[in-house]
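Here the structure comes first, spelled out in structure tokens, and everything after it is commentary.
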């Protein structure tokens, strides 16, 4: 008999089990994207964000909610679902979603998107028709660089860990860089920076030019080093600063860690894609977001 456990945070044992389940599904599906297994960026950190399905004493399915937007008409929740291949088409994903759907409706969310990858859609050509899910035409490209990449120094730029005194200086630069992101206001930007600064599993870097902070990036330190929240101040773009900043961060991380590097970029952001390729990254996967206007996967009744 299947049992579903829902929780705002995962224990160490649950995290290990979730990672093993994700790797098992990726090995079969030829996928690479990992869901975020922390809730520290969610708007409501008391809301259940992880739903584990178990049968015969082992995890068979996982649903995660990434909900950094506030509830309401503009808030969008990213949903990720993994089910072991031998338990698919047995209602596991549906049961996980029904549990998560109740939580999201209670919290006041009205929109959600399901993350998937091109490899999965290619190997399951009837999936969209069967689920009535609609694929967003835009995608994200996941890129990877090998362990040991990067450089130790730069003629002009330096990098240093983010400090509390940097945050006020970086806030307007952060908000300008992510002005197109839905829901990014000063409070949210400050929360992102503070969470990254204080999280022991995250390395936060500030890029300096002649002593002046001009860029920022956070790196999630796990099975690989994942770059996110990267930006360069507007006046310093299109000058090769971004790729050199990335190479300096990789160089510092390579001195103490021996992990691959990864990041994601919107497929229509050709300027950023060029920066990452110049820094040494190569394409690994392509991700899409699916929405459900109607049907059993829709959030609203």
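Using the alpha-carbon positions of segment 231-301, Rg (one decimal) and Dmax (whole number) come out as 17.4, 52 Å.
Fewest-first ordering of 205, 261 by other beta carbons within 10 Å of each residue's beta carbon gives 205, 261. Cβ crowding within 10 Å ranks 94, 64, 9 as 94, 9, 64, fewest other Cβ atoms first.
Which shape class applies to segment 3-66: rounded if a/c is under 1.5, otherwise prolate when a/b exceeds b/c and oblate if not, where a ≥ b ≥ c are the square roots of the Cα gyration tensor eigenvalues? Since a/c reaches 1.5 but b/c is at least a/b, the shape of segment 3-66 is classed as oblate. To the nearest Å, what is the center-to-center distance of segment 137-210 and segment 239-301, using C-alpha atoms only? Using only Cα atoms, the two centres lie 13 Å from each other. Sorting the segments 147-159, 187-199, 215-227 by their mean number of nearby beta carbons within 10 angstrom, highest to lowest, gives 215-227, 187-199, 147-159. Its Cα gyration tensor gives segment 46-101 an equivalent ellipsoid. The semi-axes, each the square root of 5 times an eigenvalue, are 25, 11, 8 Å from largest down. Take the alpha carbon gyration tensor of the chain, find the square roots of its eigenvalues, order them as a ≥ b ≥ c, and report rounded if a/c is under 1.5; if not, report prolate when a/b exceeds b/c, else oblate. Prolate is the answer for the chain, as a/c is 1.5 or above and a/b outweighs b/c. Note on the chain: GNM, Cα springs under 10 Å; of 146, 283, 125, the largest mean-square fluctuation is that of 125.
Looking at the square roots a ≥ b ≥ c of the eigenvalues of the Cα gyration tensor of segment 147-259, which shape do they give, rounded for a/c under 1.5, prolate if a/b is larger than b/c, or oblate?
Values: a/c = 1.76, a/b = 1.23, b/c = 1.43.
It is oblate, given that a/c is not under 1.5 and a/b is not larger than b/c.
In the chain, what percentage of the DSSP-assigned beta bridges are antiparallel, given to the nearest 5? Before the final figure, lay out each step's value.
Numbers: 54 of 61 bridges.
Rounded to the nearest five, the antiparallel share is 90 percent.
Helix 270-279: angle to the longest alpha-carbon principal axis of the chain, degrees 0 to 90, nearest 10? Once rounded, one gets 70 degrees.
In percent, how large is the relative contact order of segment 1-93, given Cα pairs closer than 8 Å and 6 or more residues apart? Don't jump to the answer; show the numbers that get you there.
Working: 143 pairs, mean separation 29.0, N = 93.
Computed value for segment 1-93: 31 percent relative contact order.
Taking the chain as the reference, fit the longest principal axis to its C-alpha atoms, fit the long axis of helix 12-29 to the helix C-alpha atoms, and give the angle between the two in degrees, 0 to 90, nearest 10. Helix 12-29 sits roughly 80 degrees off the main axis of the chain.
Would you compute, from DSSP H runs of 4+ residues alone, the mean residue ellipticity of the chain at 222 nm, taking -39500 (n - 2.57) per run and dividing by the full residue count, rounded to the nearest 500?
Details: 8 runs with 96 residues, N = 301.
Calculated from helices alone, the mean residue ellipticity at 222 nm is -10000 deg cm²/dmol.
Among 123, 165, 291, which comes first, then next, by fewest other beta-carbon atoms within 10 Å?
Details: 123 13, 165 7, 291 16.
Listing 123, 165, 291 from fewest to most nearby Cβ atoms yields 165, 123, 291.
Values in this text are rule-based calculations from the coordinates and carry no lab data. Predicted model only: the values in this text are computed from it and were never measured. Counting neighbours? That spans all protein chains shown, and the Cβs are built from the backbone with ideal geometry, glycine included.
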